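Following: one structure in structure tokens, then a few remarks.
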Amino acid sequence: MTSLTLSDVHIAIGGTPIVTGVDLRVPSGRRAGIIGPNGSGKSTLLRAVYRHLPIARGSITVGDEDLWRLTPRRAARLVAAMPQETKSDFDVTAWEMAAAGRTPHKRPFAPDTAEDTAIVTDALTRAGVAHLARRHFATLSGGEKQRVLFARALAQQAPVLVLDEPTNHLDVRHQFELLDLITEAGTTVVAALHDLNLAAAYCDDLYVLSGGRVVAHGPPADVLTPPLVGEVFGVDAHVTAAPGSDAPHLILRPRSGTGR
């Protein structure tokens with residue numbers, strides 16, 4: 001396992017600053033959640049971690065290796081990603097999509113080895129989609145696609161896992177199942193999550209983004225306070241203890257408009 005560190009990271013798109021001066025550290029084997037309203041820079045920040053967007057300034061390191069100074073192959077051996085949406089230009093099966101996770105470990109155009117096949121089979125099984133292996137990826141439901149993409153990330157066997165809204169398109173049961181799988185994987189995880197209660201239940205630490213900056217970070221119980229949730233998300237929050245857990249549980253409602 002390996003730690004992930006972002007130091008003074010700045011990202012601009014088309015000359016417009018989107019992320020400004022972000023510092024973030026995920027110790028080896030820990031799970032960090034990134035939360036914030038739409039447009040706060042969560043997805044932009046994660047795209048830089050899995051090298052789909054360049055950084056303008058700062059550094060991103062995995063262990064002691066500067067991610068943006070590595071070859072793409074080496075970087076892909078360190079960081080696996082499950083993005084919000086993956087469009088395939090080819091008519092690939094779910095198996096082939098998951099097997100793409102083995103690419104960083106093989107020579108170009110090399111066939112799958114017995115080890116590759118075993119790893120992909122295990123990843124699809126753990127993600128609960130082994131029965132979809134021969135289905136064409138484009139024909140799957142949104143939730144099925146999410147789980148196949150998680151299988152691809154598992155097959156990549158990288159020590160750092162980046163997840164951008166991993167529970168999108170999943171029903172409640174499969175949200176819990178996927179997050180349990182992520183926990184069981186034991187990798188270093190950084191994930192953007194919309195659902196604050198899921199973030200509180202499954203993350204060791206939370207980073208709150210607003211306007212492209214980190215405005216709070218720490219354990220969920222320290223971060224998810226009514227004043228902060230109100231200021232950042234513009235809603236009223238009542239915080240209780242989650243049943244059977246030390247994690248906070250939020251009851252949210254719209255601002256009443258009474259001048260608060």
The condition of being over 23 Å from residue 181 (Cβ atoms), assigned to a strand (DSSP E or B) and in contact with a Gly (Cβ under 8 Å, 6 or more places away or on another chain) holds, among 7, 59, 40, only for 7
Residue hits (segment 43-56; more than 16 Å from residue 188 (Cα to Cα), of a type in the set (A, V, I, L, M, F, W, C) and part of a helix (DSSP H, G or I)) are 45, 48
Check on residue 187, within 22 Å of residue 81 (Cβ to Cβ) and either more than 18 Å from the chain's Cα centre (by Cα) or at pLDDT below 95 (or both): yes
Picking from 59, 88, 7, the residue that is modelled with pLDDT under 95 and over 18 Å from the mean Cα position of the chain (by Cα) would be 88
Using the structure shown, decide if residue 125 is among the hydroxyl-bearing types (Ser, Thr, Tyr) and in contact (Cβ under 8 Å) with a residue 60 or more places away in the chain. no
Within segment 133-145, residues being over 19 Å from residue 166 (Cα atoms) and either touching a helix residue (DSSP H, G or I) at 6+ places or on another chain (Cβ under 7 Å) or basic (Lys, Arg) (or both) number 3
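Here is a yes/no grid of residues against (1) touching a strand residue (DSSP E or B) at 6+ places or on another chain (Cβ under 6 Å); (2) outside any loop (DSSP other than H, G, I, E, B):
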{"position": "143", "(1), (2)": "no, yes"}
{"position": "152", "(1), (2)": "no, yes"}
{"position": "162", "(1), (2)": "yes, yes"}
{"position": "179", "(1), (2)": "no, yes"}
{"position": "199", "(1), (2)": "yes, yes"}
{"position": "206", "(1), (2)": "yes, yes"}
{"position": "217", "(1), (2)": "yes, yes"}
{"position": "228", "(1), (2)": "yes, yes"}
{"position": "243", "(1), (2)": "no, no"}
- [ ] Test residue 96 against the criterion of being outside any loop (DSSP other than H, G, I, E, B), over 20 Å from the mean Cα position of the chain (by Cα) and without any contact (Cβ under 8 Å) to a residue 12 or more places away in the chain, and give yes or no.
- [x] no
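The values are calculated or read from the model by the stated rules, or taken from the named source; none is laboratory data. Just so you know, these numbers come straight off a predicted model, no measurement behind them. Because the Cβ atoms are built from the backbone with ideal geometry, glycine has one as well, and the counts that use them run over all protein chains shown.
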